[in-house]
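Data first, discussion second: the structure below is written as structure tokens.
The values are calculated or read from the model by the stated rules, or taken from the named source; none is laboratory data. These figures come from a predicted structure and were not determined experimentally. In this analysis, Cβ positions are derived from the backbone assuming ideal geometry, glycine residues included, and neighbour counts consider all displayed protein chains. Each accessible area value is taken on the protein alone, full model and side chains, heavy atoms only, with ligands, DNA and RNA left out. Shrake-Rupley method; radii C 1.70, N 1.55, O 1.52, S 1.80 Å.
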Amino acid sequence: MLKFGILSTAKIAREHLIPAIQQAEGASLEGIASRDAGRARKMAEHFNAPQSFGSYEEMLASPDIDAIYIPLPTSQHVEWAHKAITAGKHVLVEKPLALKASEISKLIRARDKAGVVVSEAFMVTYHPQWLKVRELLKKGTIGTLRRIESSFTYFNKDAGNMRNQLELGGGALPDIGVYPTVCARFATGMEPQYANASVEFDPDFKTDRYASVQLSFDGVDMSFYVSTQMANRQTMVFHGDKGFIELSAPFNSNLYEGDEVRVHNAKHNDTRTYRFTGINQYRLEVEAFCRAVAGRKQPVFTLEESVLNQKVIDAIYKSGKSGKRVKI
């Protein structure tokens, strides 16, 4: 059993990752750490974790912890991932791992020196619906892929929320812009070459609240928009000359219509539906991570892939600032 320690009492840990760890094969919840010992103890008791820690450093020093899950604010991810790696722990860190692609290099060096598994927590890459999309594209089910379209939006103007705090790494692109990019890259196996974007910033929060993005792959165009101040929406479509593929819940599995991949033929008079029920993509993520740590042949989202994805986000920001097309 891989014994996990949770670095903070963040909402995503409480609602998603801790339940996933407790359900997953090969994983166990060993401890909760917080800068507030009382909060750590209360959460540990709630989830029946054997240990609580009154500081992050105390958890990293514990020989009882094998792996660290980091759901801290984005601006602290690289710092604490590096400390956990240096302490000899395997690390699963929430997305986005970094705010600049260049920040990830020191994590790669530390990982290689420590010989541990380190992965950015892109749970979507473990969901069977995305494995199915990748398979369908590879088989040429919709012919030659020409265009990808996507959206990811929600409405949140809470000044106290980290997503609206610039110093904590808030903004639409770090929080949700990473999803259309990673899913397009994962499904096609291709890397975008150029980015052209318009990015709008909130006048009070100073974080980006809306971005309209064009990415150019080799022979494939992608268009998507993300926003933290629009009505909830998630879409993703892959359009070829012999049909198109659309997903009902591309990012937040089971949140909207349930998880379906729909394949439409060229005349749009025949639709094949692949339905995925009862899927917990966080559990699949944890189980894959555990298998990778155990040395089994299990692909996980690597730091090298994190660099490639963050380079896209960096280029989008650069294009939004300059108003010009930017090479990725």
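Of the residues making up segment 99-116, those that are free of Cβ contacts under 8 Å to residues at least 12 places away in the same chain and within 19 Å of E30 (Cβ to Cβ) number 0. For segment 79-98, filtered to residues that are surrounded by fewer than 22 Cβ atoms within 10 Å (Cβ to Cβ) and free of Cβ contacts under 8 Å to residues at least 60 places away in the same chain, the residue that is nearest to M162 (Cα to Cα) is E79.
If you go through segment 198-211 one residue at a time, do you hit one that is open to solvent by less than 10 Å² (accessible area, probe 1.4 Å) and assigned to a loop (DSSP other than H, G, I, E, B)? Taking every residue of segment 198-211 in turn, at least one turns out to be open to solvent by less than 10 Å² (accessible area, probe 1.4 Å) and assigned to a loop (DSSP other than H, G, I, E, B). Would you mind stating whether E15 is of a type in the set (D, E) and buried (at least 20 other Cβ atoms within 10 Å of the Cβ)? Judged against the criteria, E15 is not a match. Reported count of residues in segment 117-137, each being under 17 Å from M190 (Cα atoms), in contact (Cβ under 8 Å) with a residue 40 or more places away in the chain and not hydrophobic (A, V, I, L, M, F, W, C), is 3. Here I108 qualifies as open to solvent by 30 Å² or more (accessible area, probe 1.4 Å), assigned to a helix (DSSP H, G or I) and not charged (D, E, K, R). On inspection, Q165 fails the criterion of being polar (S, T, N, Q), open to solvent by 30 Å² or more (accessible area, probe 1.4 Å) and within 30 Å of V220 (Cα to Cα).
Filtering V300, V312 for residues that are open to solvent by less than 10 Å² (accessible area, probe 1.4 Å) and not in a strand (DSSP E or B) leaves a single hit, V312.
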